[in-house]
Amino acid sequence: MPELPEVETVRRTLNQLITGKTISRVSVNLPRILQKPDDPPLFAAMLEGRTFRSVERRGKFLRLVLDELVLVSHLRMEGRYGLYNEDDPTEIHTHVIFHFTDGTELRYKDVRQFGTMHLFFPGEELQAPPLNKLGLEPLEEGFTLETFRRALGKRPTKIKPLLLNQEVIVGLGNIYVDEALHTAGIHPETPANELKPKEQELLHSAIVETLSAAVEAGGSSIKSYVNGQGEMGLFQHSLKAYGRTGEPCLNCATLIEKSVVGGRGTHICPKCQRLPRSRRSAQGSTTVKQNRNAVKRRLDGSSD
């Protein structure tokens, strides 16, 4: 978190807030946020006097385009930007401040301190880490059913971890993978190379549909996410699988179950998302029993 819809919402908001603003100076309170260059005085000197021209996105990364420079910013878990007046109190965990000539400031706040910033000359950012190995953009015209099928290839990897791999498709995180798989009726442990052509088509459509709806809703505010104006997203009110353990599936009323797939908490409807027959015997009944017992405890009001 944030995932593609949240980053896209931040991009759109920042484009309205900072385009045309000129940096007078930069304050860096936490140097480790800076990755390139990693020297705060040099980072500040490179940006002083430059004007923001646009804010773009590549996957979960923001590309803040200035005069002859591009700032690549990754929000990671809880990074956020906000526009303030220079006399507004500075909140705790504010690590980088871009002071503008008009008396306003773009402030970067990050409670977890996992965010990163890289400076590049235009064009170089796409040829070097962290952007150079990113996969398909699911909301661009190039994300066709055919390119999606080629990306899946003959990989035996379980479909959920594969969709989370940013070198295959960018922007998808835990929330939207669970939602897309539920919409497509595909079990997250299905090997990618066992998906039938119709399932590939359904999943491709579900990814585009889910992400597009989430962008229109301003993203999902599950924990601390807000856009550049401090507004929460609304898509969490439309979630059909993620975070709904023990609640009835909106399609069939079967209780949503939670398990762990690829190290990530995973939410499915066991009726709508059946595991392929070839893998059911290998999985056994233990996980199913554990899930149903956990749901029963929740409904009974007991702790796990």
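The values are calculated or read from the model by the stated rules, or taken from the named source; none is laboratory data. None of these values were measured; they are calculated from a predicted model. Because the Cβ atoms are built from the backbone with ideal geometry, glycine has one as well, and the counts that use them run over all protein chains shown.
Looking across P89, P41, one residue alone is surrounded by fewer than 17 Cβ atoms within 10 Å (Cβ to Cβ), in a helix (DSSP H, G or I) and either modelled with pLDDT under 95 or not aliphatic (A, V, I, L, M) (or both). It is P41.
Within segment 101-114, the residues that satisfy the criterion of being among the hydrophobic types (A, V, I, L, M, F, W, C) and in a loop (DSSP other than H, G, I, E, B) are V111, F114.
Here segment 167-178 is the region considered, the condition is being crowded, with 17+ Cβ neighbours inside 10 Å and modelled with pLDDT of 95 or more, and the residue that is nearest to G243 (Cα to Cα) is D178. Considered as a group, the residues in segment 62-86 that are within 15 Å of the chain's Cα centre (by Cα) and assigned to a loop (DSSP other than H, G, I, E, B) include one that is farthest from Q166 (Cα to Cα), and that residue is E78.
Screening segment 114-162 for residues that are loosely packed, with under 12 Cβ neighbours inside 10 Å and basic (K, R) and picking the one that is farthest from the chain's Cα centre (by Cα) gives K154.
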